[in-house]
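The structure appears right after this line, and notes come after that.
What follows draws every value from the coordinates through simple rules; no lab data is involved. Fair warning: this is a prediction, and the values are worked out from it, not measured in the lab. No Cβ is skipped: glycine too gets one built from the backbone with ideal geometry, and neighbour counts run over all protein chains shown.
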Amino acid sequence: MMYANVIIDISHEKVDRTFQYRIPEELAGQVRVGMQVRVPFGAGNHERKGYVVEITDRVEWNPEQLKELSGIVSTGVTGQSQLISLAWWMKERYGSTMNQALRTVLPVKQKVQKREDRLLVCLLSENELRSAIDEAVRRKYKARERLLRAFLETPKIPYGIALRQMNLTTATLKPLLEKGVAALTVRTVERSPVEALKKIRPQSGGLGAVAACVLNPEQQAIVDDFAARYGRGDRQTSLVYGVTGSGKTEVYMEMIDYVLKQGREAIVLIPEIALTYQTVLRFYRRFGDMVSVINSRLSAGERYDQFERALNGEVRVMIGPRSALFTPFPNLGLIVIDEEHESAYKSELSPRYHAREVAEMRARMNDAALVLGSATPSLEAYSRTFPGSAGKNREIASDRACYRLYRLTGRAKSGSHMADVQVVDLREELRAGNRSIFSRRLKAAMEQELGNGHQIMLFLNRRGYSNFVSCRSCGQAVKCPHCDVTLTLHRNGRLVCHYCGYQIRSPQKCPSCGSPYIAAFGTGTQKIESVAREMFPLARILRMDLDTTSKKGGHEEILASFAEGEADILVGTQMIVKGHDFPNVTLVGILAADLSLYSSDFRCGERTFQLLTQAAGRAGRDETPGQVIIQTYSPSHYAIDCAARQDYEAFYEKEMAYRQVLHYPPACELLSVLVSSRDERVLNEAVTQLHGWVLNMPEAAHIQLIGPAEAPIYKVNDIYRKILYMKQENYGILVKIKNRLEELSSRAEWRQHVMLQFDFA
């Protein structure tokens, strides 16, 4: 007798474990790991759906008490055993429930009805049709007469229009269909998110699309080495580190072309929906109908159709944000993560996975290759390109596998050079009496470029949620004396550190220089757009932010308009500076670099450097020289200085030294436990007990325990939140603590009223 261990598809912690069922004789040999099945569940034997995670001949309960599987679910997207296994791995690693992990890796579980195009087609000649109309008039068939007269104008009428707008019924249509007056044709319509791109005719060559592009020697060397390693079974993760405009996408496409020729499929991850249009356009021109896209803006039907097409082999390259990683390709051979440094690859919902880590695991499961790419690699990725301790500040604490490093040092397009970057000290602007958002240098540069018929991008660096307090005289932000992060201004007028809990009342004068010019720092893209319109009334201005891109297709509409030269200035947040290629952009203005530099996050320096470097890379991508103007109150900060010089190596050395001194990733592992409850008293009881449990563990002597501290936003939706932080160089020790906390909390009295969320930073 064989048994199936099943995860019940119910979002409830009490059933977040496997249940064992007998496999009946009629299903023997049909049930496989990963399948969705129907099972009797509970005292009333209500039928539920679940997923088979294991098939075994070992019985775990009294065989007489075990129930049988009811049947196999055949109406959903085919369950992939590998994705079920991946969900289990994510549950164990990130501390979620199994059903949360399953909802992540199987985003489309239910079959969605196919969209059909139904037409009523007239089968009569014109003379026969007029005779039929005369008969309908004579016999007073008003509804039939309306339809027949409509056939005189057009021989094909959409079925829905006939029923709704012409007020017809199926009873009216039935005799016409039976007598051969008309026919009903039904055609399945493919819900394709790349339908608009099909008007673009791919050039011949390659795999039925465009011929291979001509690579420069640096690009070709990377592709050749990748192909050689892939051919001999070497699946070491690769990091393509290339300056902005160095042609990383062309390298990806050549790698994908090689893998497709091996009969395998590829996934390309991009950090945001804003990048979808240009990225998919380039890949479609190369690979044609083998390319599709998946993202959260698609309808359920569109997402279902894309996964079905991937399963059926109709799509072989899937492009999209995090969720594209779970495309059910049967023979996945390559995963590419473009702009791998982006924080968008980290899930904010449980399980709080990082796409880079999950991609590594899925690549191992498939014997596939993983390629990361960035002009500003994350410290986590770049530090793994050094075997052992390759030099000061380059040692990674964990035992994770090293990456192979590829370098692209120059721009791919002939005649294109890195933009000239200038830094404007806003303290000097204030002393000169200029209180405008635009510095004098930026305003003059905008006037010049608009006069030359060039385009401009204005970027407001808005990372983080809360304002910080900064002095406009000396440029210093009010920081925590213990954590080297800025204090966050709360509505009660207090400045709080969200790492150690230190807090003070918001000062009236600058603690550094005594100036009264101290205030919360912040502005918005709408204000910038308004000021720009007043300053340049003849300029055509577009704004791209969360407000203007909320509707479906909003990103594509704005980007396409700007690419076609229908606007002179594009104002936006970080979504405008990632991966876009606009040849006519010759000036990029970065209006407030300090907005991300002084956020309450130990990665604020890294993210500032990345955003500024990426923004600078948007200018001068054609032969016309480009310039970048960075406005800041902190021109001497190493993140801004290194970004202005486009010097990643120098930034890495300084930032890594900071991480090692303060024991932050990747120099050290960091586990945070977010504890939340609607009852503040219960929250305090739970977090106190969790803190005590950690202190009593044998591993406590080897970790640095911080907190409990209030979360950056303490109260959200009437839910109170506190956090415990644990630092340790050994990732395994933190995993043991996580597992032990999950076990102990499952038996706690407060468990039903408290939610725990584990996060490895």
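Structure data summary
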{"item": "Gain on full stretching of the segment that runs from residue 74 to residue 430 - 0.36 nm per residue minus C-alpha separation", "result": "121.3 nm"}
{"item": "Estimated vicinal HN-Hα couplings, Hz - the range 147-163 in sequence order (Karplus 6.51, -1.76, 1.60; Gly, Pro = x)", "result": "5, 5, 5, 5, 5, 5, 7, 8, x, 10, 10, x, 4, x, 5, 4, 6"}
{"item": "Cut-off under 5 Å, modelled amide H: who pairs with residue 213 long-range", "result": "none"}
{"item": "Fewest-first sequence of 58, 364, 316 by Cβ atoms within 10 Å of each Cβ", "result": "58, 364, 316"}
{"item": "Check: the chain dipole with +1 on Lys, Arg Cβ and -1 on Asp, Glu Cβ, in debye", "result": "1620"}
{"item": "Segment residue 54-residue 184, length gained on full extension (0.36 nm per residue, minus Cα span)", "result": "42.0 nm"}
{"item": "Whole-Hz couplings from phi, Karplus 6.51/-1.76/1.60, listed for the range 653-658; x for Gly and Pro", "result": "4, 5, 5, 5, 4, 4"}
{"item": "Potential lengthening between residue 647 and residue 719 on full extension [0.36 nm per residue; Cα-Cα distance subtracted]", "result": "21.6 nm"}
{"item": "Over the range 669-760, relative contact order from alpha-carbon pairs under 8 Å, at least 6 apart, %", "result": "48"}
{"item": "Residue 17-residue 531 pseudo-label distance in nm [points 7 Å out on the Cα-to-Cβ vector]", "result": "6.0"}
{"item": "The chain: relative contact order as a whole-number percent, Cα under 8 Å and 6+ apart", "result": "11"}
{"item": "In sequence order, calculated HN-Hα J values of the range 418-426 (Karplus, 6.51, -1.76, 1.60; Hz; x Gly/Pro)", "result": "4, 5, 7, 10, 10, 10, 9, 7, 5"}
{"item": "Cross-link pairs 346/443; 346/738; 527/654; 443/479 - those with Cα-Cα distance over 28 Å", "result": "346/443; 527/654; 443/479"}
{"item": "Burial ordering of 609, 41, fewest other beta-carbon atoms within 10 Å first", "result": "41, 609"}
{"item": "At R0 = 56 Å, FRET efficiency that the Cβ-Cβ distance of residue 361 and residue 584 yields, to 0.05", "result": "0.85"}
{"item": "FRET efficiency, 1/(1 + (r/R0)^6) with R0 56 Å, evaluated for residue 262 and residue 43 via beta carbons", "result": "0.60"}
{"item": "Placed amide H near residue 479: partners under 5 Å, 5+ positions off or other chain", "result": "487"}
{"item": "Cβ-based exposure ranking for 51, 284, in which fewest neighbours within 10 Å come first", "result": "284, 51"}
{"item": "The chain: calculated mean residue ellipticity at 222 nm from DSSP helix runs of at least 4, using -39500 (n - 2.57)", "result": "-9500 deg cm²/dmol"}
{"item": "Centre separation in Å (Cα based) which lies between the range 577-615 and the range 306-358", "result": "26"}
{"item": "For residue 404, distant residues with modelled amide H under 5 Å away", "result": "237, 238, 239"}
{"item": "Cα gyration tensor shape for the chain, rounded if a/c is under 1.5, else prolate or oblate", "result": "oblate"}
{"item": "Net +/- balance of residues flanking residue 367 in space, Cβ distance below 12 Å, scoring K and R +1, D and E -1", "result": "+3"}
